[in-house]
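Take a look at the structure below.
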Amino acid sequence: MGSADELGKGRGFGGGGGGAVAVESVLPQPVPLGRLGLGNLAVVVALFFGGASMAFSVTLLKAGLGSLITGAMFSPTFLMALTGGIAAAAVMAALRSVAGESVTPLGVSIAGAATHSTIQLAIVSLIWAQSDLLWRWLPVMLTTALIAGTVVGGLSAAVLARLYRAQTGT
């Protein structure tokens, strides 16, 4: 993020992502360990709108602000959100870099959701549970990630379309 305008947009996306994390934290979970991950909408939009640097900044702001608001700062939940978010942002940025314009927000979002879920399971398995049995949850988590990634990717595409129209005045 070079210009002050880009910095402001990155902060805005990060604040929006952190707010979405806070709102989603009070909603019921559809399955154990599963949320839609609405805060990731801000990361996907930032990636397409401002590039990898903005996406990583938004990821850090989203995890920090979301954890601060929910009272989970420096907790196991924060560690899982941060590591999963960084890994997901890295995979999404790499996919966008390699595939360029041929990859859509939907594809990037699904890849990010699957990465986030897998990393979270790895963190729990390595640090707390230390059991191979925990990996039996992976199919459930990846199914949830596919659904969540599809929803977030679709919403991201809609937001990006509006942002591009607003930017070009069409």
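The values are calculated or read from the model by the stated rules, or taken from the named source; none is laboratory data. Keep in mind that this is a model prediction, so the values were computed, not measured. With ideal geometry, Cβ positions are generated from the backbone for all residues, glycine too; neighbour counts draw on all protein chains shown.
Every residue, every condition in (1) crowded, with 24+ Cβ neighbours inside 10 Å; (2) within 21 Å of LEU134 (Cβ to Cβ), yes or no:
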site	(1), (2)
GLY50	no, no
MET92	yes, no
VAL103	no, no
ALA114	no, yes
THR118	no, yes
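Look at SER156 and say whether it is surrounded by 14 or more Cβ atoms within 10 Å (Cβ to Cβ), closer than 30 Å to PRO76 by Cβ and more than 20 Å from the chain's Cα centre (by Cα).
The answer is no for SER156.
Can you pull out every residue in segment 63-88 that is more than 24 Å from TRP128 (Cα to Cα) and either among the β-branched types (Val, Ile, Thr) or under 12 Å from the mean Cα position of the chain (by Cα) (or both)?
Passing the criteria: only ILE69.
Is it the case that VAL140 is buried (at least 18 other Cβ atoms within 10 Å of the Cβ) and over 12 Å from the mean Cα position of the chain (by Cα)?
No.
May I ask you to say which residue of THR77, THR83, THR70 is free of Cβ contacts under 8 Å to residues at least 12 places away in the same chain, surrounded by fewer than 21 Cβ atoms within 10 Å (Cβ to Cβ) and at negative phi?
Going through THR77, THR83, THR70 in turn, just one is free of Cβ contacts under 8 Å to residues at least 12 places away in the same chain, surrounded by fewer than 21 Cβ atoms within 10 Å (Cβ to Cβ) and at negative phi: THR77.
Residue check: is GLY19 touching a Ser or Thr at 6+ places or on another chain (Cβ under 7 Å), in a helix (DSSP H, G or I), farther than 16 Å from THR150 by Cβ and at pLDDT below 75?
Here the answer is no, as GLY19 does not meet what is asked.
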